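Below you'll find the structure, written out as structure tokens, and then a few comments.
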Amino acid sequence: MKILSFMLLTGLLSMGTAQAQLKFGYVDMQRALLETADGKAARAQLEKMKEERQKQLNTAQEDLRKMQKDLEAKKAIWKADVLQAKQREFATKLQELQGTYATLQKELAAEEAKLTKDILERMGQILETLGKESGDIVILEKTESRILWAPGKFDMTNELIRRYNAGDGKKKAKK
């Protein structure tokens, strides 16, 4: 879909008149998120949350390993019905661990979206201002637009980060 949109945009641009000059710029939003003060704070909060979740997973995983070792060590002495019950219990706990992992991944993704929402809204306001100040320039996102190469003079990421950290876009984003 993104490729189709880009091809459509390229086609429309080639059909334009000779006097219509369209300018382009691009921004690496991932880098901008990682290098702004709020982005760094959000990343630190996410890392802390991830570490807490990982400890929870590690504990459950270690319990499962112990259970598996016990199962392997005692399977020769247990009766068939006891062995089957222990294997079912192990399989259930393994499924629970996999479910817990999936749930924790979803929680992390939701938290990341929540933490970056306001940052991205502010960046959008700043990019709108930058585009207008630059003479109605089209600003693409570097990775999502699949920009494989472009001259550095079209990269607006540093200016976005500078303006964000300077406080631009706060009033408009809060409305």
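We did not get these values from a lab; they are worked out from the coordinates using the rules stated. Nothing here was measured: the structure is a model prediction, and the numbers come from that model. No Cβ is skipped: glycine too gets one built from the backbone with ideal geometry, and neighbour counts run over all protein chains shown.
Which value at 222 nm does the chain reach when only helices count, each DSSP H run of 4 or more adding -39,500 (n - 2.57), with the total divided by all residues and rounded to the nearest 500 deg cm²/dmol?
Mean residue ellipticity at 222 nm (helix-derived): -25000 deg cm²/dmol.
Using a Förster radius of 25 Å, what is the FRET efficiency between residue 90 and residue 49 based on their Cβ-Cβ separation? Nearest 0.05, please.
Computed FRET efficiency for residue 90 and residue 49: 0.30.
Might you report the magnitude of the Cβ-based charge dipole of segment 2-174 about its Cα centre, with Lys and Arg at +1 and Asp and Glu at -1, to the nearest 20 debye?
About 320 debye.
For a quick check of your reading of the filter: which chymotrypsin sites (Phe, Trp or Tyr not before Pro) in segment 125-175 sit in a DSSP loop and have no more than 11 other Cβ atoms within 10 Å?
Counting only loop positions with at most 11 other Cβ atoms within 10 Å, the chymotrypsin sites (Phe, Trp or Tyr not before Pro) in segment 125-175 are 149.
Among 82, 139, 24, whose Cα lies farthest out toward the positive end of the dipole of the chain, if unit charges sit on the beta carbon of Lys, Arg (+1) and Asp, Glu (-1)?
Farthest towards the positive end: 82.
Output the 0 to 90 degree angle, nearest 10, between the alpha-carbon long axis of helix 80-133 and the longest principal axis computed from the alpha carbons of the chain.
Result, in degrees: 10.
For a quick check, take a GNM of the chain with Cα springs below 10 Å and name the residue from 112, 52, 62 with the largest mean-square fluctuation.
Among 112, 52, 62, the largest mean-square fluctuation in the Gaussian network model of the chain belongs to 62.
Using a Gaussian network for the chain with springs between C-alpha atoms less than 10 Å apart, which of these wobbles most: 85, 150, 32?
Ranking 85, 150, 32 by mean-square fluctuation puts 85 first.
Under 5 Å between amide hydrogens, which residues at least 5 positions from residue 140 or on another chain qualify, with H placed 1.01 Å from N in the peptide plane?
25, 26, 27
Per-residue HN-Hα couplings for segment 49-63, Karplus 6.51 cos²θ - 1.76 cosθ + 1.60 at θ = phi - 60°, whole Hz, x for Gly and Pro?
So the Karplus estimates, Gly and Pro as x, are 4, 5, 4, 4, 5, 5, 4, 4, 5, 4, 4, 5, 5, 5, 4 Hz.
Take the Cα atoms of the chain, build their convex hull, and give its volume per residue in Å³.
Each residue corresponds to 179 Å³ of Cα convex hull volume.
For residue 105 and residue 143, what is the calculated FRET efficiency with R₀ set at 25 Å and r taken between the beta-carbons, to the nearest 0.05?
So, using R0 = 25 Å, E works out to roughly 0.70.
If I model a spin label at residue 75 and residue 170 as a point 7 Å from the Cα along the Cα→Cβ vector, what separation in nanometres do I get?
Between residue 75 and residue 170, the simple spin-label model gives 6.3 nm.
Between residue 58 and residue 30, how high is the FRET efficiency from 1/(1 + (r/R0)^6) when r is the Cβ-Cβ distance and R₀ = 30 Å? Nearest 0.05.
In this case the efficiency is close to 0.60.
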